[in-house]
Amino acid sequence: MIRAFVKFIPNLLSLMNATFGVLAIMLVLGGVGTILLPISVLLLGSIPCDMLDGFAARKLDAKSPIGVDLDSLADVISFGVAPSVILATALQSAGASFPMMALMIVPFSVYRLAKFNHDTRQTKSFLGLPTPANAVYIFGWSVFLTENGVVSDPVAFVNILVLCFLLVSEVPMFGIKSFGSWKPVYKVLLGISLALSGLLLALWGYKAFMIIVGAYILFNLLGTTLGGPRKGAAV
(Lines give C-alpha, C1' and ligand atoms only; values in the text may rest on other atoms or scores of the structure.)
Protein backbone atom coordinates (compact mmCIF):
# COMPACT_ATOMS: atom_id res chain seq x y z
CA MET A 1 0.00 0.00 0.00
CA ILE A 2 2.77 2.42 0.99
CA ARG A 3 4.83 1.48 -2.06
CA ALA A 4 1.82 2.09 -4.32
CA PHE A 5 1.32 5.54 -2.78
CA VAL A 6 5.00 6.41 -3.21
CA LYS A 7 4.80 5.40 -6.88
CA PHE A 8 1.75 7.64 -7.26
CA ILE A 9 3.51 10.77 -5.92
CA PRO A 10 4.61 12.02 -9.40
CA ASN A 11 1.03 11.66 -10.68
CA LEU A 12 -0.26 13.44 -7.56
CA LEU A 13 2.06 16.37 -8.30
CA SER A 14 0.72 16.56 -11.87
CA LEU A 15 -2.86 16.53 -10.57
CA MET A 16 -1.99 19.31 -8.12
CA ASN A 17 -0.52 21.26 -11.02
CA ALA A 18 -3.82 20.97 -12.90
CA THR A 19 -5.80 21.95 -9.80
CA PHE A 20 -3.74 25.08 -9.24
CA GLY A 21 -4.28 25.94 -12.91
CA VAL A 22 -8.06 25.64 -12.59
CA LEU A 23 -7.98 27.70 -9.39
CA ALA A 24 -6.09 30.47 -11.19
CA ILE A 25 -8.65 30.47 -14.02
CA MET A 26 -11.53 30.65 -11.52
CA LEU A 27 -9.87 33.58 -9.73
CA VAL A 28 -9.44 35.49 -13.00
CA LEU A 29 -12.98 34.87 -14.24
CA GLY A 30 -14.42 35.56 -10.80
CA GLY A 31 -12.61 38.89 -10.56
CA VAL A 32 -11.20 37.99 -7.15
CA GLY A 33 -8.46 40.45 -6.19
CA THR A 34 -5.90 41.73 -8.68
CA ILE A 35 -4.38 39.79 -11.54
CA LEU A 36 -1.36 39.14 -9.32
CA LEU A 37 -3.35 36.62 -7.27
CA PRO A 38 -3.94 34.03 -10.02
CA ILE A 39 -0.40 34.59 -11.31
CA SER A 40 0.95 33.90 -7.83
CA VAL A 41 -1.11 30.69 -7.64
CA LEU A 42 0.51 29.48 -10.85
CA LEU A 43 4.02 30.58 -9.89
CA LEU A 44 3.91 29.16 -6.37
CA GLY A 45 1.71 26.15 -7.13
CA SER A 46 1.73 24.93 -10.70
CA ILE A 47 5.33 25.63 -11.65
CA PRO A 48 6.89 23.86 -8.62
CA CYS A 49 4.58 20.86 -9.17
CA ASP A 50 5.52 20.76 -12.86
CA MET A 51 9.22 20.87 -12.00
CA LEU A 52 8.95 18.17 -9.36
CA ASP A 53 6.68 15.58 -11.01
CA GLY A 54 9.29 14.49 -13.57
CA PHE A 55 12.07 14.64 -10.98
CA ALA A 56 10.03 12.50 -8.58
CA ALA A 57 9.21 10.01 -11.33
CA ARG A 58 12.90 9.52 -12.07
CA LYS A 59 14.01 9.32 -8.44
CA LEU A 60 11.20 6.96 -7.43
CA ASP A 61 11.48 4.89 -10.61
CA ALA A 62 7.81 5.62 -11.22
CA LYS A 63 7.81 6.59 -14.89
CA SER A 64 4.67 5.53 -16.74
CA PRO A 65 2.71 6.39 -19.91
CA ILE A 66 -0.16 7.74 -17.82
CA GLY A 67 2.29 9.95 -15.94
CA VAL A 68 3.46 11.49 -19.22
CA ASP A 69 -0.15 12.13 -20.24
CA LEU A 70 -1.06 13.61 -16.84
CA ASP A 71 1.92 15.96 -16.98
CA SER A 72 0.92 17.29 -20.41
CA LEU A 73 -2.78 17.55 -19.60
CA ALA A 74 -1.96 19.53 -16.45
CA ASP A 75 0.38 21.79 -18.42
CA VAL A 76 -2.37 22.49 -20.96
CA ILE A 77 -4.48 23.89 -18.13
CA SER A 78 -1.81 25.73 -16.16
CA PHE A 79 0.49 26.93 -18.95
CA GLY A 80 -1.91 27.03 -21.89
CA VAL A 81 -5.45 27.94 -20.85
CA ALA A 82 -4.70 29.88 -17.64
CA PRO A 83 -2.10 32.25 -19.18
CA SER A 84 -4.41 32.86 -22.15
CA VAL A 85 -7.31 33.81 -19.86
CA ILE A 86 -5.01 36.01 -17.77
CA LEU A 87 -3.67 37.76 -20.88
CA ALA A 88 -7.16 38.23 -22.36
CA THR A 89 -8.28 39.84 -19.09
CA ALA A 90 -5.21 42.09 -19.04
CA LEU A 91 -5.70 43.13 -22.67
CA GLN A 92 -9.34 43.94 -21.95
CA SER A 93 -8.41 46.06 -18.93
CA ALA A 94 -5.85 47.90 -21.07
CA GLY A 95 -8.50 48.73 -23.68
CA ALA A 96 -7.61 46.27 -26.45
CA SER A 97 -10.17 46.10 -29.25
CA PHE A 98 -10.01 42.31 -29.46
CA PRO A 99 -8.68 40.85 -26.18
CA MET A 100 -9.75 37.35 -27.23
CA MET A 101 -6.71 37.25 -29.52
CA ALA A 102 -4.91 35.93 -26.43
CA LEU A 103 -6.72 32.60 -26.85
CA MET A 104 -4.49 31.86 -29.85
CA ILE A 105 -1.97 30.70 -27.25
CA VAL A 106 -4.17 27.70 -26.33
CA PRO A 107 -4.06 25.61 -29.57
CA PHE A 108 -0.36 26.28 -30.05
CA SER A 109 0.37 25.24 -26.47
CA VAL A 110 -1.69 22.06 -26.89
CA TYR A 111 0.13 21.18 -30.11
CA ARG A 112 3.52 21.93 -28.56
CA LEU A 113 2.81 19.61 -25.61
CA ALA A 114 1.51 16.80 -27.83
CA LYS A 115 4.57 17.14 -30.06
CA PHE A 116 6.90 17.08 -27.05
CA ASN A 117 5.43 13.79 -25.81
CA HIS A 118 6.36 12.01 -29.04
CA ASP A 119 9.64 13.75 -29.86
CA THR A 120 12.61 11.65 -28.70
CA ARG A 121 14.96 14.55 -29.48
CA GLN A 122 13.71 16.49 -26.47
CA THR A 123 14.79 14.28 -23.58
CA LYS A 124 17.36 16.71 -22.13
CA SER A 125 16.63 19.93 -24.00
CA PHE A 126 13.83 21.48 -25.99
CA LEU A 127 12.87 22.32 -29.53
CA GLY A 128 10.61 25.34 -29.36
CA LEU A 129 9.71 27.50 -26.39
CA PRO A 130 8.60 25.43 -23.37
CA THR A 131 5.05 26.23 -22.25
CA PRO A 132 6.08 27.23 -18.68
CA ALA A 133 8.58 29.78 -20.06
CA ASN A 134 5.91 31.11 -22.42
CA ALA A 135 3.49 31.37 -19.50
CA VAL A 136 6.01 33.27 -17.37
CA TYR A 137 6.49 35.80 -20.19
CA ILE A 138 2.72 36.23 -20.42
CA PHE A 139 2.49 36.76 -16.65
CA GLY A 140 4.97 39.63 -16.83
CA TRP A 141 3.27 41.12 -19.88
CA SER A 142 -0.14 40.90 -18.21
CA VAL A 143 1.12 42.74 -15.13
CA PHE A 144 2.62 45.42 -17.36
CA LEU A 145 -0.68 45.84 -19.23
CA THR A 146 -2.82 46.07 -16.10
CA GLU A 147 -0.50 48.55 -14.40
CA ASN A 148 0.04 50.80 -17.41
CA GLY A 149 -3.40 50.54 -19.02
CA VAL A 150 -2.11 51.17 -22.54
CA VAL A 151 -1.97 48.67 -25.39
CA SER A 152 -1.45 48.75 -29.14
CA ASP A 153 -3.56 46.11 -30.86
CA PRO A 154 -1.07 45.48 -33.71
CA VAL A 155 1.86 45.19 -31.28
CA ALA A 156 -0.11 42.82 -29.05
CA PHE A 157 -1.16 40.70 -32.02
CA VAL A 158 2.41 40.43 -33.37
CA ASN A 159 3.71 39.60 -29.88
CA ILE A 160 1.20 36.77 -29.57
CA LEU A 161 2.03 35.49 -33.06
CA VAL A 162 5.75 35.39 -32.20
CA LEU A 163 5.01 33.43 -29.01
CA CYS A 164 2.82 31.00 -30.93
CA PHE A 165 5.53 30.49 -33.54
CA LEU A 166 8.20 29.88 -30.89
CA LEU A 167 6.02 27.30 -29.15
CA VAL A 168 5.84 25.01 -32.19
CA SER A 169 9.15 25.94 -33.82
CA GLU A 170 12.31 23.86 -34.14
CA VAL A 171 14.39 26.53 -32.38
CA PRO A 172 16.66 24.74 -29.86
CA MET A 173 16.10 25.76 -26.24
CA PHE A 174 18.30 24.57 -23.41
CA GLY A 175 17.01 22.67 -20.40
CA ILE A 176 18.56 22.22 -16.97
CA LYS A 177 19.05 18.50 -17.64
CA SER A 178 21.55 19.33 -20.42
CA PHE A 179 23.61 21.62 -18.15
CA GLY A 180 26.37 19.05 -17.59
CA SER A 181 27.29 18.96 -21.29
CA TRP A 182 27.74 22.72 -21.63
CA LYS A 183 31.08 24.39 -22.26
CA PRO A 184 32.44 26.33 -19.24
CA VAL A 185 31.95 29.70 -20.92
CA TYR A 186 28.21 29.07 -21.33
CA LYS A 187 27.89 27.96 -17.73
CA VAL A 188 29.44 31.27 -16.68
CA LEU A 189 27.11 33.19 -18.97
CA LEU A 190 24.13 31.37 -17.49
CA GLY A 191 25.32 32.23 -13.98
CA ILE A 192 25.58 35.90 -14.94
CA SER A 193 22.13 35.73 -16.54
CA LEU A 194 20.61 34.24 -13.38
CA ALA A 195 22.24 36.92 -11.22
CA LEU A 196 20.91 39.68 -13.47
CA SER A 197 17.47 38.03 -13.47
CA GLY A 198 17.42 38.09 -9.67
CA LEU A 199 18.35 41.78 -9.70
CA LEU A 200 15.61 42.59 -12.21
CA LEU A 201 13.03 40.71 -10.16
CA ALA A 202 14.06 42.65 -7.06
CA LEU A 203 13.75 45.95 -8.92
CA TRP A 204 10.70 45.40 -11.14
CA GLY A 205 8.87 42.38 -9.72
CA TYR A 206 6.64 40.39 -12.05
CA LYS A 207 7.17 42.82 -14.92
CA ALA A 208 10.78 41.62 -15.15
CA PHE A 209 9.55 38.24 -16.40
CA MET A 210 9.22 39.63 -19.94
CA ILE A 211 12.89 40.62 -20.01
CA ILE A 212 14.07 37.40 -18.35
CA VAL A 213 12.24 35.10 -20.77
CA GLY A 214 13.23 37.34 -23.67
CA ALA A 215 16.86 36.97 -22.57
CA TYR A 216 16.38 33.19 -22.34
CA ILE A 217 15.17 33.11 -25.95
CA LEU A 218 18.00 35.38 -27.11
CA PHE A 219 20.55 33.30 -25.19
CA ASN A 220 19.37 30.18 -26.99
CA LEU A 221 19.38 31.84 -30.41
CA LEU A 222 22.92 33.14 -29.89
CA GLY A 223 24.08 29.85 -28.41
CA THR A 224 22.71 27.93 -31.38
CA THR A 225 24.27 30.36 -33.86
CA LEU A 226 27.66 30.24 -32.12
CA GLY A 227 27.60 26.49 -31.46
CA GLY A 228 26.71 26.95 -27.80
CA PRO A 229 25.29 24.72 -25.09
CA ARG A 230 23.26 22.65 -27.52
CA LYS A 231 26.27 21.82 -29.74
CA GLY A 232 26.50 18.09 -30.20
CA ALA A 233 23.03 17.51 -28.75
CA ALA A 234 20.52 15.45 -30.68
CA VAL A 235 18.24 18.05 -32.22
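Considering only residues that are polar (S, T, N, Q) and open to solvent by less than 70 Å² (accessible area, probe 1.4 Å), look in region 31-75 and name the one that is farthest from Ala18 (Cα to Cα).
Among residues in region 31-75 that are polar (S, T, N, Q) and open to solvent by less than 70 Å² (accessible area, probe 1.4 Å), the one farthest from Ala18 (Cα to Cα) is Ser64.
Note on region 111-131: residues that are in contact with a Gly (Cβ under 8 Å, 6 or more places away or on another chain), surrounded by fewer than 19 Cβ atoms within 10 Å (Cβ to Cβ) and at pLDDT 90 or above amount to 0.
From the list Ala56, Ala94, the lone residue that is touching a Gly at 6+ places or on another chain (Cβ under 9 Å) and of a type in the set (A, V, I, L, M, F, W, C) is Ala94.
Filter region 132-165 down to residues that are of a type outside the set (Gly, Ala, Ser) and outside any helix (DSSP H, G or I) and give me whichever is least open to solvent (accessible area, probe 1.4 Å).
Initially, region 132-165 is screened for residues of a type outside the set (Gly, Ala, Ser), giving 132, 134, 136-139, 141, 143-148, 150-151, 153-155, 157-165.
Narrowing the set further to residues that are outside any helix (DSSP H, G or I) leaves 150-151.
Working: Val150: 104, Val151: 37 Å².
Selected residue: Val151.
Would it be correct to say that Ser178 is surrounded by 20 or more Cβ atoms within 10 Å (Cβ to Cβ), out of contact with any Leu (no Cβ under 8 Å at 6 or more places or on another chain), at pLDDT below 90 and hydroxyl-bearing (Ser, Thr, Tyr)? In short, no.
When residues in region 6-46 are screened for being under 15 Å from Phe209 (Cβ atoms) and touching a residue at least 24 places away in the same chain (Cβ under 8 Å), 7 of them pass. Just the residues that are surrounded by fewer than 20 Cβ atoms within 10 Å (Cβ to Cβ) and part of a helix (DSSP H, G or I), please, taken from region 90-102. Within region 90-102, Gln92, Ser93, Met100, Met101 meet the criteria.
I'm trying to understand the selection: among the residues of region 52-78, which are under 19 Å from the mean Cα position of the chain (by Cα) and without any contact (Cβ under 8 Å) to a residue 12 or more places away in the chain? Answer for region 52-78, where residues must be under 19 Å from the mean Cα position of the chain (by Cα) and without any contact (Cβ under 8 Å) to a residue 12 or more places away in the chain: just Phe55.
Between Val168, Val136, Val151, which is in contact with a helix residue (DSSP H, G or I) (Cβ under 7 Å, 6 or more places away or on another chain), closer than 11 Å to Leu91 by Cβ and either at pLDDT 75 or above or not hydroxyl-bearing (Ser, Thr, Tyr) (or both)? Talk me through it step by step, then tell me what you get.
Values: Val168 fails: closer than 11 Å to Leu91 by Cβ; Val136 fails: closer than 11 Å to Leu91 by Cβ.
Going through Val168, Val136, Val151 in turn, the sole match is Val151.
Tell me whether region 79-89 contains one or more residues that are outside any helix (DSSP H, G or I) and either in contact (Cβ under 8 Å) with a residue 40 or more places away in the chain or open to solvent by 50 Å² or more (accessible area, probe 1.4 Å) (or both).
Taking region 79-89 first, the residues outside any helix (DSSP H, G or I) are none.
Looking for residues that are outside any helix (DSSP H, G or I) and either in contact (Cβ under 8 Å) with a residue 40 or more places away in the chain or open to solvent by 50 Å² or more (accessible area, probe 1.4 Å) (or both), one finds none in region 79-89, hence no.
The values are calculated or read from the model by the stated rules, or taken from the named source; none is laboratory data. The model shown is predicted, which means the values in this text are computed figures rather than measured ones. Here Cβ is always computed from backbone atoms with ideal geometry, including for glycine, and neighbour counts include all displayed protein chains. Side chains included, ligands, DNA and RNA excluded: accessible areas come from the protein's heavy atoms. Shrake-Rupley method; radii C 1.70, N 1.55, O 1.52, S 1.80 Å.
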